[in-house]
Structure formats: structure tokens, C-alpha cells
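Beneath this line is the structure, given in C-alpha cells, with notes to follow.
The values are calculated or read from the model by the stated rules, or taken from the named source; none is laboratory data. Owing to the predicted nature of the structure, the values given are computational and were not obtained by experimental measurement. Counting neighbours? That spans all protein chains shown, and the Cβs are built from the backbone with ideal geometry, glycine included. Areas reflect the complete protein model, heavy atoms only, side chains present, ligands, DNA and RNA absent. Shrake-Rupley method; radii C 1.70, N 1.55, O 1.52, S 1.80 Å.
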Amino acid sequence: MPLLKSTYEPAVLFRNNHFNTAYKTLFSAETINYARERINTNDKDFIDLDFASVDSKTVILALHGLEGSSKSKYIISVLNYLNSQNIDGAALNFRGCGDEDNNKPYSYHSGKTDDVDLAISHLLAKNIYRNIFLLSYSMGGNVALKYMGTFKNMPDEVKGAMAISVPCDLEGSAIKLESFHNILYQNMFMKTLKEKSLLKLHRFPEANLNKNAIKNAITFKDFDNAVTAPLFGYKNAKDYWEKNNSKQFIHEIDKPTLIINALDDSFLSESCYPYSEAENHKKVYLETPKFGGHVGFNSTLFGKDLFWSEKRVFQFINHNIS
């Protein structure tokens, strides 16, 4: 498909990518009422789905970013908006990201797609939904794109996917996050990731992780070498990144998929913009607004264009609904 020309034109204030990135997290007071459903997994663990329902035949399965949850402000904002447009929302909390820790030493990673498939099966088993769409952000976007490109014989009810602010190249994004202007973000992620991992090590000493390596981790490479790779059976961080980069799976996607990556997203390296993959694809659309930050896309503090990304999501759903 041709690359899409974006309609996103924010007010001057939101042309600062860091302000755009942080705005909802810092200033949004929006809330939502969820009904939680727990899904038991085959490995004697669980995942939690939080539903915001309006008795629709269409549902969005929302996937949050790294260290997010169904309580992330961008998830709450989009599900509230979609509810107002008569679309149900189901927010997946990746393992260890809800209000309760999961039952295993491992939790989630940027390419773990089996829990997404389980959540979709759960939605299908309700015999309610004619249309299911994946809506994903940041790390969740990488998971969603990998899922769309690797799971064959996908049910007809799954109509497509949207992935916003996606680190399609995990190594490129990890290196970009080491840069000076991203140190604050990297440190915030490292703080919670390390705290969680040390608690896991206390609960599951048999995991045999290197405690000092976890404590001393500064970068994502350090953390993925110390935690992600050994827990999930990868040789090292590079092996994990290479096997889970969603960019390599885009050519296999066979359902309508929209990728929105802002050009000023400080989390994304140049390799995170899959221009050639989308340009020669019949089902994948790539939109690269000049502004937007990382999972930002705020337009104004007040006014009609307050919810640009939420409206863009709804537009895509409406276009592909049956």
C-alpha cells in the first residue's frame, strides 16, 4: 500500500516530543470502569483481561507498552473514546503487569505472542463478537505485529490490527534509549524492571539469575542479558532481539494493519520505520506524522481535535468492520 499522508497537526505546545510523550501520563485525570476476567494458562499461570463493555459486536483487544497495564492513561483514553462510539474494549495485562504478580519466574517480553492468542480465543469463546481488532502501543505493538505475521489460519473474526509507536527493530530502539536525551526514560524503565526481577528472584531462587547483574543493569542490553534471555531460553540480548523484531514478520501479515510511528519519537531508531515493508505490501499501512512523540499524539489542550489518535483508531476500525 502507498505510505499514508498523516492528518496529525498538533498545536505548537505538542510539537515538543517530550511534552507530547509525557502529557497524558502526567496530566490526564480520566478514569474507566473495568470488569476483570482471569484466563488460566497451560503453564499453570494466568493473564487478566479488563473489559470496558457497551454490548457491542465489535471489540478491541488493547496491548499496553513496556511496564504499562490496563491502567495506562493511553489505554484508558482510547477505550473510553471507543466505548462512546459503541465499541467494546478488552485491555490485556501482560503477565506481572496487573495488580497481582503472576505465578512463574518469567512474565512477558517484546515477542511473547502466545498470551495474545489465548486472549483472542477467550474473546471468541464468548460467541458475542463478530469483529476483533488488535490495538497495540509501543512494546505491545511489536508483540501485535509479530502475532499478525506468525499466527496462521487466524479466525475470520479477527479483522486487523493497529500498532502505535512501535519499536519494530528492538536492538535499534534499545540503543536509541541509551542516548543522553532518553536517559530519564531508560532509568524509569530500569527501576521497575529491576525491582520486579529482584522480587522474582526472591520468590523463585531456582531461576538461578545473577543478582548482581540485575542490580548493576543500566541499559536494556544489560537487563535483557541478565533477565530476559536466560528466563526465556535465548543465548543473550542480541539473540532475543533478533528473533523477536516484528519488522521481519511484516511481510507475512495478511489482514489490514495500520502502523503509526511519529518521526520525532525519541524511542525509535531509523530502523524502526518499516518503509519498504509497507510500501510493497497489500495489507499494511504505514503513517509517519512529523510530530507525536512516543505514544503521545495529543493535539490541543482543548477543542475538537483533542483525541486525534483515538479518532484515527476508530476511523481504521470503521473502514475494516463487517
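Laid out as a table, the results:
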{"read-out": "Flag if Asn320 is without any contact (Cβ under 8 Å) to a residue 60 or more places away in the chain and more than 20 Å from the chain's Cα centre (by Cα)", "value": "no"}
{"read-out": "Index of the failed condition, Ser121 passing every other in (1) open to solvent by 10 Å² or more (accessible area, probe 1.4 Å); (2) in contact (Cβ under 8 Å) with a residue 12 or more places away in the chain; (3) assigned to a helix (DSSP H, G or I)", "value": "(2)"}
{"read-out": "Residue list for region 289-304, restricted to those being out of contact with any helix residue (DSSP H, G or I) (no Cβ under 8 Å at 6 or more places or on another chain) and either open to solvent by 10 Å² or more (accessible area, probe 1.4 Å) or polar (S, T, N, Q) (or both)", "value": "Lys290, Phe302, Gly303, Lys304"}
{"read-out": "Residue within region 161-168 that is at pLDDT 95 or above, open to solvent by 40 Å² or more (accessible area, probe 1.4 Å) and not β-branched (Val, Ile, Thr) present", "value": "no"}
{"read-out": "Filtered residue count, region 265-288, keeping only those that are open to solvent by less than 30 Å² (accessible area, probe 1.4 Å), over 16 Å from the mean Cα position of the chain (by Cα) and charged (D, E, K, R)", "value": "1"}
{"read-out": "Pairs where the first residue, in region 82-107, is at positive phi and the second is outside any loop (DSSP other than H, G, I, E, B), C-beta under 9 Å, 6+ apart", "value": "Asn86/Thr58; Gly96/Lys196; Gly96/Lys200"}
{"read-out": "Filter pass, Lys235 being at pLDDT 95 or above and open to solvent by 70 Å² or more (accessible area, probe 1.4 Å)", "value": "yes"}
{"read-out": "Residue match in region 69-83 (condition: open to solvent by less than 30 Å² (accessible area, probe 1.4 Å), under 21 Å from Trp308 (Cα atoms), in contact with a Cys (Cβ under 9 Å, 6 or more places away or on another chain) and not aliphatic (A, V, I, L, M))", "value": "yes"}
